[in-house]
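Notes to accompany the following structure.
Just so you know, all these numbers are worked out from the coordinates, no wet-lab data involved. Please read these numbers as outputs of a predicted model, since none were measured by experiment. Note that each Cβ is placed from the backbone with ideal geometry, even for glycine, and that neighbours are counted across all protein chains shown.
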Amino acid sequence: MLWPGTESLRIVRAPKGGDALGDGLAHALGSGQWRADALILKDSDDGTVIEAELAGTPVVLKTMALRTLGDRFKSGLGLSRHMRQWNGARTLEKAGVRAAMPLVMCRGFGERGEIIETLVLPRIEGKSLLEHLRDRDLTDAEVRSLTESLATDLEAMWLRAFNRDHKPSNLMIERTEEGLRAVVVDTVGVRRLRGLASGSNHKLSRMLASLWLEPTGARCPPTTREAYRLVCRVCDAPAPKGKKKPGWTVRRSFGFARTMWALASDIVREHGDPTPRDSPFPDRSRGD
């Protein structure tokens, strides 16, 4: 268990205009009073993911120990995992994709004297896409709404950003007045696309394959119809205003959908055993 470091706690990054909120959250984090009601979502050698409430704000805390000189050096250069998540969220925001935007990042000394970096994220209420696939608790209308949301996000990312870890456990599903919407909560693997990389069929097929691999390994895969419907929706979407898709003028065809289906299927088939090393479902145990 890696609790946030609270000794000599300081803010290392806060969003523009969010200094007051960042200060309040950091002060609440340093008090440690939130620990009594905290829930552990995930715990590994790399760090701990904690569900908590700071200063009345529902949050998720992600901790990471800077154990080596290399870890501290990368953090100082803005290359740590938490820094990449912060930058990835901003990249998705600029691409028009909903993401959990970090609230503040702090650094302090932990109980064993090691430097611990803590990223504070807003808590997204609801289940992950993987949990919905496991529970099969969505109506047909909700599945269609969610497919539309996922396709719209993939369309935007295909041209502007690539997420190498676009898997269902990293997508929280929110209920809005317009329908179900996906929110990307882990943006460490997000990279901005530029130049010839924009509109890469290979990168789009990799993101599609990521959506299938994890639930297949967790024994709750989408049906072939559901997966193919998503591919067809992505490959038949109109070009965003001011953006011309490679090789097409108005809309793409189902022939392109078959090509993308084949590319993503090849990635899944060549991946090998997709069974995850650790359970991808949240634990939600007490952190006593």
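Can you compute the helix-only [θ] at 222 nm over the chain? Use -39500 (n - 2.57) per DSSP H run of at least 4 residues, normalise by all residues, nearest 500 deg cm²/dmol. Value at 222 nm, helices only, nearest 500: -12500 deg cm²/dmol. When +1 charges are put on Lys and Arg Cβ atoms and -1 charges on Asp and Glu Cβ atoms, the dipole computed for the range 7-123 relative to its Cα centre reaches about 520 debye. Farthest toward the positive end of the dipole of the range 129-271, out of LEU138, SER198, VAL268, is the Cα of SER198, where the dipole comes from beta carbon charges about the Cα centre. Compared with the dominant principal axis of the Cα atoms in the chain, helix 201-217 is inclined by about 70°. What's log10 of I(q)/I(0) for the chain at q = 0.14 Å⁻¹, Debye sum over Cα points only, no solvent? Result of the Debye calculation: -1.06.
Each of SER205, SER198, SER8 was scored by other Cβ atoms within 10 Å of its Cβ. Arranged with the fewest first, they read SER8, SER198, SER205. Under the rule a/c < 1.5 gives rounded, and otherwise a/b versus b/c splits prolate from oblate, where does the range 75-118 land using the Cα gyration tensor? Prolate.
Rounded to the nearest 20 debye, the dipole magnitude of the chain is 1520 debye, with +1 charges on Lys and Arg beta carbons, -1 on Asp and Glu beta carbons, and the Cα centre as origin.
Compared with the dominant principal axis of the Cα atoms in the chain, helix 140-160 is inclined by about 80°. Within the shell defined by Cβ-Cβ distances under 12 Å, the residues around THR68 carry a net charge of +1, with Lys and Arg each +1 and Asp and Glu each -1. Note the angle between two axes, namely the Cα long axis of helix 19-31 and the longest principal axis of the Cα atoms of the chain, as a number of degrees from 0 to 90, rounded to the nearest 10. The helix 19-31 is inclined about 60 degrees to the chain.
In sequence order, the range 110-118 has phi-based couplings of x, 5, 9, x, 8, 6, 10, 9, 10 Hz under the Karplus curve 6.51 cos²θ - 1.76 cosθ + 1.60, θ = phi - 60°, and Gly or Pro positions carry x. Placing +1 on the Cβ of every Lys and Arg and -1 on the Cβ of every Asp and Glu, with nothing else charged, gives the range 21-73 a dipole about its Cα centre of roughly 140 debye.
Fewest-first ordering of SER285, SER200 by other beta carbons within 10 Å of each residue's beta carbon gives SER285, SER200.
Search the structure for amide H atoms under 5 Å from the amide H of ALA161, placed 1.01 Å from N in the peptide plane, and list their residues when 5 or more places away or on another chain. Those lying under 5 Å, H to H, from ALA161 are LEU193. Across the range 55-60, rounded Karplus estimates of 3J(HN,Hα) from the backbone phi angles (6.51 cos²θ - 1.76 cosθ + 1.60, θ = phi - 60°) give 6, x, 9, x, 9, 10 Hz, Gly and Pro being marked x. Cross-link reach is defined here as a Cα-Cα straight distance under 15 Å, omitting same-chain residues fewer than 8 places apart; for LYS94 the aspartates and glutamates meeting it are ASP153, GLU155. Ranked by the mean number of other Cβ atoms within 10 Å per residue, highest first, peptides 70-78, 211-219, 113-121 order as 113-121, 211-219, 70-78.
Potential lengthening of the chain between ASP236 and SER265 amounts to 8.6 nm, from the contour at 0.36 nm per residue minus the alpha-carbon distance.
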